[in-house]
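Student: Below you will find the structure I want to go over with you.
The values are calculated or read from the model by the stated rules, or taken from the named source; none is laboratory data. Every value quoted in this text rests on a predicted model; they were computed, and no experiment measured them. Reconstructed Cβ throughout: ideal geometry from the backbone, glycine too, with neighbour counts over all protein chains shown. Each accessible area value is taken on the protein alone, full model and side chains, heavy atoms only, with ligands, DNA and RNA left out. Shrake-Rupley method; radii C 1.70, N 1.55, O 1.52, S 1.80 Å.
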Amino acid sequence: MRVLVVGSGAREHSIVLALAQDPQVTALACAPGNAGTVAVAEQRGLDVGDPAAVAALALDWEADLVVIGAEAPLVAGVADAVRAAGVACFGPTAEAARIEGSKTFAKDVMAAAGGRTPPPEIVDNPARLDAALARFTPPYVVKDDGLAAGKGVVVSPDLDVARAHAMTLLDGGHPVLLESFLDGPEVSLFCLVDGETVVPLLPAQDFKRVGDDDCGPNTGGMGAYAPLPWAPAGLVDELVSDVVAPVAAEMVRRGTPFSGLLYAGLALTSQGPAVVEFNCRFGDPETQVVLALLRSSLARALHATATGALAAEPPLQWADGAAVTVVVAAEGYPGPPRLGDVISGAEADGVLHAGTRRRDDGAVVSGGGRVLSVVGTGADLQAAHDDAYRRLEGVHLAGSHHRTDIALKAIRGEIAAPA
Ligand code: GLY
């Protein structure tokens, strides 16, 4: 199978690495890729947001399967264009990608599917903002209705911070959702979805705040681990049957079936699991830990999903043990990052690339806010944590920062799902 992966982050590097080890894959390309993916896949230049350009590359490269990594191309209709060109594509149609592209659409689908999610108050006029905020109590949850590359959500106990974020969004012409805060441990559950067929992957947890102990602003994600040693037996089955499967069925009922990776971001509250958000693609950095533990053929699973054959697939096989990833971010991130600094140690095993590029002199330099995602594995979470942080010691990027507490609360037994 010839597989073309579209994207340039550590998520795509992780997908490419899994595919490179897969005997079913005969040729592999990544477009546009980064300084890490180029070592294991052909690299092609590409504007990933241009549906016609992606479809043309899929045909030119004679891909049997195209895997779209990020949400923006999916919302822009890239999967539709690839399918229309006659090439199998892993990723939902633009209509179905609205589950991530429009939070009001997602809330509507969830309400129809009967899932628990806080009812939002939608504000599209600054004159209504203060009265709307007054109906909530801290911590305030303010979300951009549309895509915002991980920067759309602010959760703050400070009314002024919440108000300022909402005003920035409204001034930019974006409607704002205000919600009640969901307390309880968070779970990222990725599911392969092909119409009404739902196949869950291992559950993971990510770390969205920039600093240790969940301090500082939200980011695209600073680390993750999988699986969840504190999760009760049966949690994944419960989340699939109560949350994901009803949403998949509702999408079918609406005539916009979902095909691809449906990512449920959930909080395990004292009232039961509740949906924080749905995304229409693999999450980053959780993908790096989930795929590190996958032992089945990724190409086969993605191709079956893309071609409507998921129901006939054998169960996925997973390695015993655990995986942890720690994101190395450039100075300044999540604000404007410092770019162009030389990275050493970036070619080592377990070091996945995100914002990197190779200079003409061969040096690997930083080219984005999240630069690397260092992955460790081990017989248990402690061993995986130690492996990730040991690998991190071999990486050097001036001014960079990372969290030092990824997975620590889980290792210490400080996380418990509500009874
Ligand atoms: N880890 C959060 C996301 O991928 O959206």
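Student: To the nearest 10 Å², what's R163's accessible area with a 1.4 Å probe?
Tutor: The value for R163 is about 90 Å².
Student: Expected output is a single nm value to one decimal: the length gained when fully extending between A379 and S270, i.e. 0.36 nm times separation in residues minus the C-alpha distance. What is it?
Tutor: Taking A379 through S270 to full extension adds about 36.1 nm, to one decimal.
Student: Let me ask something else. Assign one of three labels to the chain, namely rounded, prolate or oblate, based on the Cα gyration tensor with a ≥ b ≥ c the square roots of its eigenvalues; rounded applies when a/c is under 1.5, prolate when it is not and a/b is larger than b/c, and oblate otherwise. Please list the in-between numbers first.
Tutor: Details: a/c = 1.30, a/b = 1.15, b/c = 1.14.
Rounded, because the longest to shortest axis ratio a/c is under 1.5.
Student: Give K143/K208; K143/K409; K103/K208 a once-over and call out the pairs whose C-alpha atoms are over 21 Å from each other.
Tutor: K143/K409
Student: Hey, got the dipole for the chain? About the Cα centre, +1 on K and R Cβ, -1 on D and E Cβ, debye to the nearest 20? Don't skip to the end; give the middle numbers.
Tutor: Details: 30 positive and 51 negative charges, 41 e Å.
For this selection, approximately 200 debye.
Student: Related question: Given points 7 Å out from each Cα along the Cα-Cβ axis, report the D360 to H401 separation in nanometres with one decimal.
Tutor: Modelled inter-label distance: 3.4 nm.
Student: Going highest first, how would you order 207-219, 272-284, 359-371, 120-132 by mean Cβ packing within 10 Å?
Tutor: The most tightly packed comes first, giving 272-284, 359-371, 207-219, 120-132.
Student: If I build a Gaussian network model for the chain, linking alpha-carbon pairs within less than 10 angstrom, which residue out of S373, S344, S259 has the largest mean-square fluctuation?
Tutor: Ranking S373, S344, S259 by mean-square fluctuation puts S344 first.
Student: Taking all pairs of distinct Cα atoms, average 1/r, flip it, and tell me the Kirkwood hydrodynamic radius of the range 185-229 in Å to one decimal place.
Tutor: Mean inverse Cα-Cα distance, inverted, gives 12.0 Å.
Student: Measuring from a point 7 Å past the Cα of Q24 along Cα-to-C-beta, which residues in the range 315-333 have an amide N at less than 16 Å?
Tutor: 315-318
Student: Could you give the length gained by full extension between E393 and M167, i.e. 0.36 nm per residue of separation minus their alpha carbon distance, to one decimal place?
Tutor: In short, 77.2 nm is gained.
Student: In nm, give the distance between the simple-model label positions of A84 and T104, each being 7 Å from the Cα along the Cα-to-Cβ direction.
Tutor: 2.6
Student: Which ³J(HN,Hα) values in Hz, rounded to whole numbers, follow from the phi angles of the range 403-419 under the Karplus curve 6.51 cos²θ - 1.76 cosθ + 1.60, where θ = phi - 60° and Gly and Pro get x?
Tutor: So the Karplus estimates, Gly and Pro as x, are 7, 9, 10, 5, 6, 5, 5, 5, 5, 7, x, 9, 10, 9, 6, x, 5 Hz.
Student: Going from most exposed to least, what order do H174, H13 have by accessible area with a 1.4 Å probe?
Tutor: Putting H174, H13 in descending order of accessible area: H174, H13.
Student: May I ask you to compute the full-extension gain from N125 to A148, defined as 0.36 nm times their residue separation minus their alpha-carbon distance, rounded to one decimal in nm?
Tutor: Values: separation 23, 0.36 × 23 = 8.28 nm, distance 1.93 nm.
Answer, rounded to one decimal: 6.3 nm.
Student: Once each part is reduced to its C-alpha centroid, what is the distance from the range 356-371 to the range 176-210 in angstrom?
Tutor: Centre-to-centre distance over Cα atoms comes out at 31 Å.
Student: Calculate, for E42 and R295, the FRET efficiency according to 1/(1 + (r/R0)^6) with r their C-beta to C-beta distance and R0 30 Å; round to the nearest 0.05.
Tutor: Efficiency at R0 = 30 Å is approximately 0.70.
Student: For V371, what residues show an amide H to amide H distance below 5 Å, using hydrogens built from the backbone and excluding near sequence neighbours?
Tutor: When sequence neighbours closer than 5 places are left aside, the close amide H contacts are V328, A329, A330, G355.
Student: Let me ask something else. At E414 and D60, where each label point lies 7 Å from the Cα along Cα→Cβ, what is the point-to-point distance in nanometres?
Tutor: 5.2
Student: Sticking with this one: Across the range 88-102, in residue order, what do the Karplus-derived ³J(HN,Hα) couplings come to in whole Hz, using 6.51 cos²θ - 1.76 cosθ + 1.60 with θ = phi - 60° and x for Gly and Pro?
Tutor: Each residue's phi maps through the Karplus curve to give 4, 9, 8, x, x, 5, 4, 4, 6, 5, 5, 4, 9, x, 9 Hz.
Student: Taking H as built 1.01 Å from N, whose amide H comes closer than 5 Å to the amide H of D206, not counting residues under 5 places away?
Tutor: Under 5 Å from the amide H of D206: S188.
Student: Mind listing the long-range amide H neighbours of C89? Cut-off is under 5 Å, sequence gap 5 or more, other chains count too, H placed in the peptide plane at 1.01 Å from N.
Tutor: V66
Student: A further question on this structure: By Kyte-Doolittle mean hydropathy of at least -0.5 and Cα axial length of at least 27 Å, which whole DSSP H helices of the chain are selected?
Tutor: Values: long enough: none.
Once both thresholds are applied, nothing remains.
Student: Hey, what did the range 16-171 get for relative contact order, percent, Cα under 8 Å, at least 6 apart?
Tutor: 13
Student: Quick one: what are the phi-derived ³J(HN,Hα) couplings along the range 254-265, Karplus 6.51/-1.76/1.60 with θ = phi - 60°, whole Hz, x for glycine and proline?
Tutor: Karplus values, whole Hz, x for Gly and Pro: 7, x, 10, x, 8, 9, x, 10, 9, 9, 9, x.
Student: Please compute the contact order of the range 118-181 in relative form: average sequence separation of alpha-carbon pairs under 8 Å and at least six residues apart, divided by the residue count, as a percent.
Tutor: With pairs under 8 Å counted, the relative contact order is 49 percent.
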